[in-house]
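Laboratory data are not the source of any read-out in this text; all were calculated from the coordinates shown. Since the structure is predicted, the reported quantities are computational estimates derived from the model, not experimental observations. Heads up, the Cβs are rebuilt from the backbone with ideal geometry, glycines too, and the neighbour counts pull from every protein chain shown.
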Amino acid sequence: MSNVLDVLEERGYVEQITHREELRELLAKGPVTFYIGFDATAPSLTLGHLIPILSALHLYRAGHRPIMVVGGGTTMVGDPSGKSEMRQLLKPETIAENVERFREQFSRFFNFEDGSAILVNNGDWLLDLNFMDFVREIGRHFTVNRMLAMEAYKSRLDAGLTFLEFSYLLIQSFDFLELFRRYNCRLQLGGNDQWSNILGGCELVRRVEGEEVYGLTLTLLTTATGVKMGKTEAGTVWLDAERTSPYEFYQYLRNVDDADVEKTLALLTMLPMEEVRRLGALEGSAINQAKEVLAFEVTKFVHGEEEARKARDAARAVFGGGGTHEGMPSTTLPRGRFAEGMDIVTLLAETSLVSSRSEARRLIDQGGITLGQERVESIDRVVTLEDFSGNELIIRKGKKIYHRVIVQ
């Protein structure tokens with residue numbers, strides 16, 4: 001059986017490792033406890049978070065024990081990595097709400113009931129720290145010179161770096177020390193922008209406990225051109241169905257660029273690599289089969305098979321492949337509101353396809369709105385019951401965003 005580290009490398013997850021051969025040997029010997037941290041800066045995880053989640057699942061299924069750390073403490077500070085200015089500080093109650101949302105989402109993927117996976121909030125040990133004890137016991141292991149040489153801090157010196165942000169490295173490093181002490185945690189995973197923080201944690205454990213621990217950074221979810229994936233015209237692609245519907249989630253993945261299909265299948269699904277390579281090698285119109293598999297598998301993983309089927313059927317209905325519109329985002333309006341007609345700008349606002357009437361006018365002027373098969377040519381267009389097929393009307397915004405209006 002291949003080492004799970006080989007699996008992670010083959011699928012494209014791994015960017016950097018502190019001591020590759022030693023870590024590979026450790027993973028081969030038996031169960032290893034590892035952790036990944038997630039700062040609770042939003043009320044939902046995003047598509048990009050599937051990279052650390054799925055890498056953890058590969059380790060989990062190979063018999064290792066994940067600790068999913070929700071940053072109820074670290075979010076109070078805010079990680080400066082990759083940021084050109086200080087993050088907006090969130091209220092403690094907002095962070096607490098976000099932490100609970102993360103707990104719910106992680107519980108879909110890991111079993112925290114039988115002890116095979118662990119879910120913790122680093123606020124449990126960070127929020128009640130004594131400042132003087134912390135700087136004496138932990139701060140003395142970090143030199144300012146070395147910290148200033150780290151990219152996360154060096155790039156911010158001209159723009160300004162607060163002491164609050166400067167302390168983030170110490171706090172995250174303390175997480176690793178605390179998890180080592182509590183659970184014998186030997187490995188930290190994180191995004192590639194977390195390399196400096198991970199090195200800090202490894203060094204702190206070595207200095208304080210005299211033990212060797214390891215760090216591994218993961219690739220960020222990007223396109224073949226290097227652009228970060230997970231953004232649409234409507235904004236971020238969330239894992240929360242209330243923020244990004246299963247249909248919109250499916251459609252985003254169904255429309256990935258041909259060049260990104262094989263990479264995305266390897267990173268975001270658990271399909272065997274033989275199947276990933278077969279699908280990725282399809283050419284011409286056949287690549288659409290691979291995109292449909294990608295969209296279905298990832299939507300099923302996040303939202304369940306029933307929602308994935310609905311989304312697939314709705315997408316097939318839109319693009320002429322059969323199926324129904326049932327899974328498409330929809331708005332239900334009283335039939336009577338169309339008796340004398342509703343102007344198109346009002347309808348777009350009612351369906352939340354636009355954020356303002358001025359955006360609606362701009363889209364119409366650019367030919368970006370279609371009713372059924374008809375492109376809307378004027379902001380004076382009035383929508384009546386005659387535009388509906390049965391009790392529904394499909395509106396398309398741009399090339400990829402569809403919305404169903406239902407009258408009753």
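Would you kindly derive the ³J(HN,Hα) couplings of region 175-189 from the backbone phi angles with the Karplus curve 6.51 cos²θ - 1.76 cosθ + 1.60 (θ = phi - 60°), listing them in order in whole Hz, with x for Gly and Pro?
In residue order, the calculated couplings are 3, 4, 4, 5, 5, 5, 5, 7, 10, 6, 5, 10, 9, 10, 10 Hz.
Once amide H atoms are placed 1.01 Å from N in the peptide plane, what residues at a sequence separation of 5 or more from ASP39, or on another chain, have their amide H within under 5 Å of its amide H?
For ASP39, whose amide H was placed from the backbone, the distant partners under 5 Å are GLY71.
Place the peptides 31-43, 198-210 in order of packing, highest mean first, counting for every residue the other Cβ atoms within 10 Å and averaging per peptide.
Going by the mean number of other Cβ atoms within 10 Å, highest first, we get 31-43, 198-210.
Relative to the first principal axis of the alpha-carbon coordinates of the chain, what is the inclination of helix 92-106, with its axis defined by its Cα atoms, in degrees from 0 to 90 and to the nearest 10?
Roughly 80 degrees between the two axes.
Within region 1-94, list the GluC sites (Glu not before Pro) lying in a DSSP loop whose Cβ has at most 16 other Cβ atoms in a 10 Å radius.
GLU85
Output wanted: per-residue J couplings in Hz (rounded whole) for region 142-147, from phi through Karplus 6.51 cos²θ - 1.76 cosθ + 1.60, θ = phi - 60°, x for Gly and Pro.
Each residue of region 142-147 in turn: 10, 9, 4, 4, 5, 5 Hz.
In what sequence, highest mean first, do 96-106, 282-292 appear when ranked by Cβ atoms within 10 angstrom?
Per-residue mean Cβ counts within 10 Å order the peptides as 96-106, 282-292.
Could you tell me the relative contact order of region 15-121? Use alpha-carbon pairs under 8 Å, at least six residues apart, and round to a whole percent.
Across region 15-121, relative contact order equals 33 percent.
Using the Karplus equation 6.51 cos²θ - 1.76 cosθ + 1.60 (θ = phi - 60°), what ³J(HN,Hα) coupling, rounded to whole Hz, does each residue of region 119-132 give in order, writing x for Gly and Pro?
10, 9, 10, 5, x, 4, 10, 8, 5, 10, 5, 8, 4, 5
Can you tell me the 0 to 90 degree angle between the C-alpha axis of helix 195-209 and the longest principal axis of the chain, rounded to 10?
30 degrees
Name the residues whose placed amide hydrogens come within less than 5 Å of the amide hydrogen of VAL383, ignoring near sequence neighbours (fewer than 5 apart) on the same chain.
MET342, ASP343, ILE344
On C-alpha positions alone, give me the angle between the axis of helix 50-61 and the longest principal axis of the chain, in degrees, nearest 10.
60 degrees
Over region 231-318, what relative contact order in percent results from Cα pairs under 8 Å that are six or more residues apart?
36 percent
Any lysines with Cα under 18 Å of the LYS399 Cα? List them, leaving off those in the same chain fewer than 8 positions away.
Leaving aside lysines fewer than 8 places away in the same chain, those within reach of LYS399 are LYS231, LYS291.
What lysines could a cross-link reach from LYS154, if we take a straight Cα to Cα line under 26 Å and drop same-chain neighbours fewer than 8 places away?
LYS83, LYS228
So for the chain, averaging the separation of alpha carbon pairs under 8 Å that are six or more residues apart and normalising by length, what relative contact order in percent results?
In percent, rounded to a whole number, it is 14.
Taking Cα centroids, how far is region 330-385 from region 242-264 in Å?
First find each Cα centre; the distance between them is then 26 Å.
Applying 1/(1 + (r/R0)^6) with R0 = 51 Å to the Cβ-Cβ distance of ARG136 and LYS29, what FRET efficiency is obtained, to the nearest 0.05?
It comes to 0.90.
List the residues, sorted by chain then number, that are 5 or more residues from LEU187 or on another chain and whose placed amide H is less than 5 Å from its amide H.
TYR35, TYR214
Per-residue ellipticity at 222 nm for the chain, helices alone: DSSP H runs ≥ 4 residues times -39500 (n - 2.57), over residue total, nearest 500 deg cm²/dmol?
-12500 deg cm²/dmol
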